[in-house]
Amino acid sequence: MDYLHHESTHWKVFGTPQGIADGFSHDFKTLASGPNPVHIALSGGSTPKLVFDTLAEKYADTIPWETVRLYWGDERAVPPDDPESNYRMAKEHLLSKIPIPEANIFRIRGEEDPHVEAKRYADVLDAELPREMGAPRFDLIILGMGEDGHTASLFPTEGGLWEFPRNCTVGTHPETGQKRITITGRVIDNAKQVAFLVTGAAKAEKVAQIHYGTGNYRSYPASLVSPVNGELTWYLDTDAAKGISPIGA
Ligand code: 6PG
């Protein structure tokens, strides 16, 4: 069976990026409202920023944040107060505005040597998360997709990193050369739920290729996401979904 049309892959299309933020935040609240701790990996990117604003504005008082444990799927090799830091973005747009205990926040230390930090963070995931099939299992991993088809910091130029046999590794941005610490395929595909948040017409062609399994789609790390025992949901705005009519019509 073609996994692209696998029953555990869902496609949700919203009229606007704010529509995605509202729809996703609602799903986030449902996930985070159970009695048990939930382990969630955040990402950088423009759509997550909008989601963070929405969670902070509309759900600061209604999500039981003390049961939420936050991690990151990737981080740029910069200090936590750098404008490029994914942690800083989350802190400004979400963490500083919600009643979450400091002890529930597990940031990637972008200021450390990336290879040393990739090892340390892999150990953090091993220590903090429940395990399944020999690897840590997130309740939810939030991902974006770059215009080149990258996800987390797994770039098409470094195809082999997806299969890297550890929880975390170091990716290199193909244009800027910036080092980034990133989770790998074994962690992404071990999650209970993976959510892609993708907006804008610039992403439409790659979204369509991944959806239909056409063109060079296999070279885009985003196309490799296929949770073994979990669900994958693509949250798209109509611009990003315009190539997958009738869903995006
Ligand atoms: C990062 C991300 C990265 C991002 C995509 C999409 O740290 O940059 O985690 O994978 O999600 O590049 O970013 P946009 O939503 O801004 O296009």
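At-a-glance table
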item	result
Relative counts (whole %) of C-alpha pair distances in the stretch 110-200, using bins that are 10 Å wide	17, 48, 31, 4
The chain - mean residue ellipticity at 222 nm from DSSP helices (-39,500 (n - 2.57) per run, n ≥ 4, rounded to 500)	-8000 deg cm²/dmol
For the chain: Kirkwood Rh in Å [reciprocal of mean 1/r, alpha carbons]	18.0
Rounded to the nearest 20 debye, dipole of the chain from Cβ charges on Lys, Arg, Asp, Glu	220
Per-pair calculated FRET efficiency, R0 = 30 Å: ASP126 and ARG218 via Cβ, rounded to 0.05	0.50
Full-extension gain in nm, ASP61 to HIS10, via 0.36 nm per residue minus C-alpha separation	15.5 nm
Against the rule of thumb 2.2 N^0.38 Å, how large the Cα Rg of the stretch 34-106 comes out	1.06
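Every read-out reported here was derived from the displayed coordinates using simple, explicitly stated rules and does not represent laboratory data. Computed from a prediction, not measured in an experiment: that's the story for all the values here. Because the Cβ atoms are built from the backbone with ideal geometry, glycine has one as well, and the counts that use them run over all protein chains shown.
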